[in-house]
1. Running a GNM on the chain with Cα contacts under 10 Å, which residue among Gly159, Gly173, Gly198 ends up with the highest mean-square fluctuation?
2. Principal axis lengths of the stretch 1-71 from Cα atoms, whole Å, largest first?
3. At 1.4 Å probe size, with no ligands or nucleic acids counted, give the accessible surface of Met93 in Å², nearest ten.
4. What does the accessible area per residue of the stretch 108-258 come to in Å², with a 1.4 Å probe and no ligands, DNA or RNA counted?
5. Using modelled amide H (1.01 Å from N, peptide plane; none on Pro or chain starts), what sits under 5 Å from the amide H of Lys130, excluding residues fewer than 5 places away?
6. Work out Dmax and Rg for the stretch 125-235 from the C-alpha atoms and quote the Rg first, both in angstrom.
7. Roughly what would the spin-label model give for Lys190 and Gln125, points 7 Å off Cα along C-beta, in nm?
8. What does the charge add up to near Met93, with Lys and Arg as +1, Asp and Glu as -1, over the other residues with Cβ less than 15 Å from its Cβ?
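The values are calculated or read from the model by the stated rules, or taken from the named source; none is laboratory data. Keep in mind it's a predicted model, so treat the numbers as computed, not measured. Reconstructed Cβ throughout: ideal geometry from the backbone, glycine too, with neighbour counts over all protein chains shown. Ligands, DNA and RNA are excluded from the accessible area calculation, which covers all protein heavy atoms including side chains. Shrake-Rupley method; radii C 1.70, N 1.55, O 1.52, S 1.80 Å.
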Amino acid sequence: MGGGVLGCCIQTGKWFPVVFISAVLVWSYYAYVLQLCIFTVDSVALKVVFLAVYHPVLFVFCWAYYKTTMTPSAAPPQSFFLSPRDGSLLEGMAEEEQRRLLEQYVKDLPVLSRSQNGVPRYCEQCKCIKPDRGHHCSVCSQCVLKMDHHCPWVNNCVGFSNYKFFVLFLGYGVLYTLWVATTSGSYFVKFWTNELTGEGRFHILFLFFAAVMFAISLLGLFGYHLFLTVKNRSTLESFRPPMFSDGPDPEAYDLGKLANFEQVFGTAKVKWFLPVFTSLGSGVMFPCRQGSSPLGHNYQSVDTAPR
């Protein structure tokens, strides 16, 4: 009973960062739309321009955040899981016997990556062969396809199924905060010259501070993940390159900047900036560059990912 209550409290607590971000957005809407645009800006033309740009940016930002948070992490297909019998046998086997059994399993699977000792990567918690670029998330308690990282701010794993949404969330977050900071900047100055009156001036003060603070932090993250996107690399792979039978290869999935970008954002340019799933492939098999370690095993992905 106690364990169930504790587990429920832990699961509920994981949503606190999401609730915090949502609360900040709600407050920023009140501060920007009402206190700044409606009550403080004098020019009708400026009010219209500020609000006409603000609302579409806020919409796509919230849309991307929702999709990043609510899209389930993609798990390995059932064919990657060992049978209960083989899973039990594997636990009691010597290392060499484990290697033989795992090699037998991956013979019919599109698996090229290996562990540091050359054995097919196996998850003891999920009892499954790890697909290429897949990793186990201890927070979500499952293996995740093309896992990038677990993000507490979205209470979700960022991976194959929602990486595009995450990058768009960062990008639109930068656009949102920069727009708010830019348009509220002159009124922030007026606060210190005592040209603003009323309680609303404190909302404008904190709105500018919050926008600048979040813009700086989001800009760094957005730039880093754009770099990873055009290199076709995940956060985990940037720290530990994928390992193959003949050693590590940090550039194994580098197909060129445009092709790398299309792996995440797809080939339909009209959908690049919308939080709809357009990533190429299944999340299980990935094309490799010519001259990489898995040359001759250039598996082309089949588009079977959930929409």
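1. Of the options given, Gly198 has the highest mean-square fluctuation.
2. That works out to 61, 24, 10 Å along the principal axes.
3. Only protein atoms counted, so the area is about 60 Å².
4. Counting only protein heavy atoms, the per-residue value for the stretch 108-258 is 44 Å².
5. Residues meeting the amide H criterion: Arg121, Tyr122, Cys123.
6. 19.6, 66
7. Output for this residue pair reads 5.3 nm.
8. Around Met93, the charge tally is -3.
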